[in-house]
Amino acid sequence: MRGRKPSSQRWLTRQLNDPFVAEAKSRGFRSRAALKLEQIDDRYKLLKPGMAIVDLGCAPGGWLQIVADRCKLGSSGAKLVGIDLLETDVLDGVEIFVGDMTEPEMLDRVRTAVGGRAHGVMSDLAAATTGHRPTDHLRTTALLEAALDFALEVLIEDGFFIAKCFRGGAERSVLEILQANFTTVRHVKPAASRQESVESYVLATGFHGRGGWTVERADEDDDTTPLQEGGFSPI
Ligand SMILES: C[S@@+](CC[C@H](N)C(=O)[O-])C[C@H]1O[C@@H](n2cnc3c(N)ncnc32)[C@H](O)[C@@H]1O
């Protein structure tokens, strides 16, 4: 249609004009997503030297770069394990798997690589969108549930879980499990997450594991419940 830009061109224009894209590039980060984790960590101080961290959906590796730096990978005994469907360029000291994190055998490999226990489980997982909202919603929810399931298994006392979610936050069913197993649960939206995007992150800290351990599959009609607002800019 005349006057309308194809979406790929709109994406390119937005990328070229995005100050966070420019900053990520100038600082040598592999993705602008690195800045999101950096901002979240500046605020909530999650990452410390010596930690064992799992990054689900790690490609191209921006979050891995932030964790490697802040956990002092290579000099502190820290462990960092990532998995993605796509190849991730090598990063010194990081064990990276290529595969589907919803497959139990892939998660077994990740679990073994991190030594069975982790201080933090992070998920920036995003399914390829189809444009069919109910399908996209179910896929996103399934990834969040799979990430949470894994976190409940491997987190140590006082561990943290952070995961990307869309459309107003995590599902009620997911929030209930988080609230039962962590001291604090909040939604955060760092400045580097585009304001017009429906993306936010659910951050759960102070794992104690005294709640339910079963992540049941959500269905399409599940409510979304925004929790305590922990963002530094409005969701
Ligand atoms: C937003 S990107 C992650 C960006 C990354 N945090 C960074 O800082 O560079 C989301 C990733 O999730 C991955 N992903 C989606 N579904 C997956 C699955 N089932 N198993 C593993 N990775 C998956 C995609 O391949 C994609 O690379």
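Net charge in the neighbourhood of Ser76 (other residues with Cβ under 15 Å of its Cβ; Lys, Arg +1, Asp, Glu -1) is +2.
How much length is gained if the chain between Glu105 and Ile156 is pulled fully straight, taking 0.36 nm per residue apart and subtracting their Cα-Cα distance, in nm to one decimal?
Details: separation 51, 0.36 × 51 = 18.36 nm, distance 2.15 nm.
Separation in residues times 0.36 nm, less the Cα-Cα distance, equals 16.2 nm.
In this rough spin-label picture, where each label sits 7 Å from Cα along the Cβ direction, the Asp149-Gln179 distance is 2.3 nm. The packing ranking, built from the mean of other Cβ atoms within 10 Å per residue, places the peptides 56-69, 135-148 in the order 56-69, 135-148, highest first. In this label model, Thr13 and Gln195 are separated by 1.9 nm, measuring between points 7 Å along each Cα→Cβ vector.
Quick check on my link table: of Lys45/Lys72; Lys25/Lys48; Lys25/Lys45, which ones sit more than 21 Å apart, alpha carbon to alpha carbon? From Lys45/Lys72; Lys25/Lys48; Lys25/Lys45, over 21 Å: Lys25/Lys48; Lys25/Lys45.
Dividing the helix sum by the residues of the chain, where each DSSP H run of 4 or more adds -39500 (n - 2.57), gives a mean residue ellipticity at 222 nm of -11000 deg cm²/dmol.
Within segment 20-98, the trypsin sites (Lys or Arg not before Pro) that combine a DSSP coil assignment with at most 11 other C-beta atoms in a 10 angstrom radius are Arg27, Lys45. Students often get this wrong: which residues of segment 157-171 have the backbone nitrogen under 17 Å from the point 7 angstrom along Cα-to-C-beta of Leu85? Answer for this model: 164-166. Taking the Cα centre of segment 7-67 as reference, the dipole from Cβ charges on Lys and Arg (+1) and Asp and Glu (-1) amounts to some 100 debye. Please report the relative contact order for the chain, taking Cα pairs under 8 Å with a sequence separation of at least 6, and give it as a percent rounded to a whole number. Once normalised by length, the contact order is 16 percent. Considering all different alpha carbon pairs of segment 26-176, the Kirkwood hydrodynamic radius works out to 15.6 Å. Loop-only GluC sites (Glu not before Pro) in segment 77-113, please: DSSP not H, G, I, E or B, and at most 16 other Cβ atoms within 10 Å. Hits after loop and neighbour filter: Glu87. Other residues with beta-carbon under 12 Å from the beta-carbon of Ser197 carry, at +1 per Lys or Arg and -1 per Asp or Glu, a net charge of +4.
Readers should treat all values here as calculations from the given coordinates under stated rules, not as data from a laboratory. The structure presented is a predicted model; accordingly, all values stated were derived computationally and were not measured. Every residue, glycine as well, gets a Cβ built from its backbone with ideal geometry; the counts of neighbours run over all protein chains shown.
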